[in-house]
Structures are given as structure tokens and as C-alpha cells.
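To keep things clear, I will list the structure first and then write my remarks on it.
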Amino acid sequence: MLLKRVLLLTLLAQVQTLENGLLRRPPMGWLAWERFRCNTDCDKDPKNCISERLFMEMADRLAQDGWRDLGYVYLNIDDCWIGGRDSTGRLVPDQKRFPNGIAFLADYAHSLGLKLGIYEDLGNFTCMGYPGTTLDKVVQDAQTFAEWKVDMLKLDGCYSTTEERAQGYPKMSAALNATGRPIAFSCSWPAYEGGLPPKVDYKQLANICNLWRNYGDIQDSWSSVLSILDWFTAHQDILQPVAGPGHWNDPDMLLIGNFGLSFEQARSQMALWTILAAPLFMSTDLRTISPQSVDILQNVLMIKINQDPRGIQGRRIIQDTDHIEVFLRPLVNQAFAVVFFSRRTDMPYHYSVSLDQLISNNSTVYEAQDVYTGEIISNLKHSTNVTVTINPSGVVMWYLYPLQKLERSQH
């Protein structure tokens, strides 16, 4: 009894002081759910079912097609991998679909310079009905994941109560920390409590989780992207201050490369997620992805902005009556990322703006590089008016940096 009490006090102390040193920048990688869902029929669809084969093939693509070298290092399993629990209560993967086990997959990912993420659910069942992590299983499951050499845990919240979540998420955070293995912790807690105070305490979350889902699941459609963006901008005064190195708001996966977005909409999601300092988790088939989608996802300047070490989440600063919105994100070295976003559906729109409308430093001359085209606009002063042409449902994105500072650094 004394030992149990000491362990409990230790876990509680760790909850209050959690800083695992992980995810100082938004995580990047690949996640199975949006594209492959809970397809477990490996007899009829062996290439696309949730299985060891699928994750090994995606790992190969991440390593060989340039993704890993750009920062897409997480290979994340989602729901439907679990086969049950053994006689000691330990989780085991489905033996037919994961014949070599999760530790084997982790070793395979690590051999390619990748990290492995896994999924569980704080409740009696996962969202798709597989065995969940009840409160009495939290410590055991954390130890199992650590023994498998897993690098990230996404803990969902289906089939749990508010009270169970209030106990379970801090308990899992402490249990992961206590294993001694660095395991990034992705929480779905706020999404199940409406995403807003007073039900959600973001100060507490930042001490417990490395990233968290605030809102509902993304679906493969433009309307879904817009619904998430609308929620994030409506509540940006709450959400923006709580994001930063080690703890991120997560608007959910990138749809780029799937079926629901046009070319312009795909470019828009990438730019908007980047301005929000969001995790960049692709969920598409990397074996068949189009060159056009690869170009969007592998945009080097876009990734540099997303991974900016300040980790400041951007904000919407202008909502124009002509259905144009402007987002701004401060970056290192007095630079900024700017996204001009069109909600119009008719034709390209010519939008005029001056630096005075974007930033307040009246003495600095800036240069803007178009993130997608590479075009440079030089000698931007605060009174200078610039016109950008934004396609319907599209964006123009700038990397805006002080020209004077750039010139000084070259001497």
C-alpha cells in the first residue's frame, strides 16, 4: 500500500512539472486514418488494409522519396490495429495483420531514420470498437508502448466520461514520462469538452500534452477544411496564445493528395495550416501521390515557415467584405508569413494592400517572396501599395523579411 501511495504521489508530481523536451517545432509525418480509415479486410484489399505491410511501404516512401529529409519523420498508426489483450492484460496487435508485432515496426521505422506513432483511446473501447485504455490500464499500456519503442501516442476519447478524461489524460502523461522513453503525447481531450474554457484548461493541457485536437475530425472535403478554419479563427484569441514550442493546437490532418480538394484548395490548406503553426500530418497514399501534390507538400520555404523556431501561431488580421481574409504569423529575425486567402467562388480577385495594414514597423524596408511561385517583390515600404491576384478558394502566401537586415547580414 505504501509503495502504491508513493508511486501515485510521484505520478502526480510529474504531471505538474511535465516537460519532456519533445516537439519544440510542430511535428511532421504521415498518419493512416484519413485515407485508409478502418479497412481491415486484407483478404480483399491487401495493399490498403491497416496492416504491417501498409506501414512498411509508407515508411519506405517516407525514407526514399524525400519526405524524411524535409522533416516528415513520424509514421503514425491510428485505430484498428489492436487484436486484444493477452492473459496478463497487455495489448497485442492483430496477429494476422501485424504478424511481427509493433516492436518490429518500430525497429523498421527507426532503421530508416523515422519515428513510430501509435493510437489508443481513453475509454472502454476505441472509436471503432477495439479494446481501449481504461484508467486501471493506463500505466501498463504506457509501459507496453515504451517497451515497443514507440515515439508518439495519440490518445483518443471515445467511450469515456468527462471525469475519466480529467483523470486519465494527466495520468497517461505522467505514466509515459515515468517510462524513461521520450514519447510525444497527442491528446484528444479538448475536442471532447468543446474545445473552449471553462471546460478546457489550456494552461493545464500545455503541461500534459505535446499537441491536442481541439475540434472535430477533418473529412475529405473543402467544407470540412473551412469549418475547422472558421472555428480556429473565431476563437483565435483563446487558441493562439497557448500554442508554442512543445505544445501545439492540432486542426487535424492534411487532405492533400486525396480526393476532396481542388489544386487551389490543396495549396490553401497547406498555407493555412502553416500559418497556424499546425502539425503537418499527411494522410494520403504516398505510393500513388501525384507530382502536383508532392510539390505542395514538399515546398521547402513552406516547411521552413511551419517549423519556425519561435513557434508563434498566426492570426487572421483582416476579414474583408469582398470575402478576402489575411493571416499573419511572426517569424524569427523580424520576418513574417502572410497569407491572402480568397473565399470567393467566381473568378480571380485583385486585392490591394500596404504594409501599414499588415505590420506596425514604419521604418523598415521589406522584401516579399511568394512561397509558391518564388517571385520576389523588393523594396516594400510601409506606404507601398501592392496588388495580389488570388484565385477562387486559393491563396497568395508571402515570406516577408526586412531587406535592410538581410543586406547587413551579407557584409
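The values are calculated or read from the model by the stated rules, or taken from the named source; none is laboratory data. Bear in mind that the values here come from a model prediction, so they are computed numbers and not experimental data. Here Cβ is always computed from backbone atoms with ideal geometry, including for glycine, and neighbour counts include all displayed protein chains. Note: accessible area is taken over every heavy atom of the protein model, side chains too, but ligands, DNA and RNA are not part of it. Shrake-Rupley method; radii C 1.70, N 1.55, O 1.52, S 1.80 Å.
Mind checking which residues of region 368-402 are buried (at least 17 other Cβ atoms within 10 Å of the Cβ) and farther than 28 Å from Leu229 by Cβ? Answer for region 368-402, where residues must be buried (at least 17 other Cβ atoms within 10 Å of the Cβ) and farther than 28 Å from Leu229 by Cβ: His382, Pro402.
For region 308-343, the set of residues classified as in a loop (DSSP other than H, G, I, E, B), at pLDDT 95 or above and open to solvent by less than 50 Å² (accessible area, probe 1.4 Å) consists of Asp308, Gly311, Ile312, Gln313, Gly314, Leu331, Ala335, listed by residue number. Selection of helices (runs of 4 or more DSSP H) fully inside region 85-184 by the criterion of at least 3 residues being among the polar types (S, T, N, Q) and open to solvent by 20 Å² or more (accessible area, probe 1.4 Å) returns 162-178. The number of residues in region 28-48 that are over 16 Å from the mean Cα position of the chain (by Cα) and either surrounded by 22 or more Cβ atoms within 10 Å (Cβ to Cβ) or on the phi < 0 side of the Ramachandran plot (or both) comes to 12.
Of the numbered criteria (1) among the small types (Gly, Ala, Ser); (2) touching a helix residue (DSSP H, G or I) at 6+ places or on another chain (Cβ under 8 Å); (3) closer than 28 Å to Pro279 by Cα, the one Ser378 fails is (3).
Residues in region 197-215 that are part of a loop (DSSP other than H, G, I, E, B) and open to solvent by 40 Å² or more (accessible area, probe 1.4 Å): Pro197, Pro198, Lys199, Asp201, Asn207, Tyr215.
Quick one: would you say Leu11 is outside any loop (DSSP other than H, G, I, E, B), modelled with pLDDT under 95 and exposed (fewer than 13 other Cβ atoms within 10 Å of the Cβ)?
no
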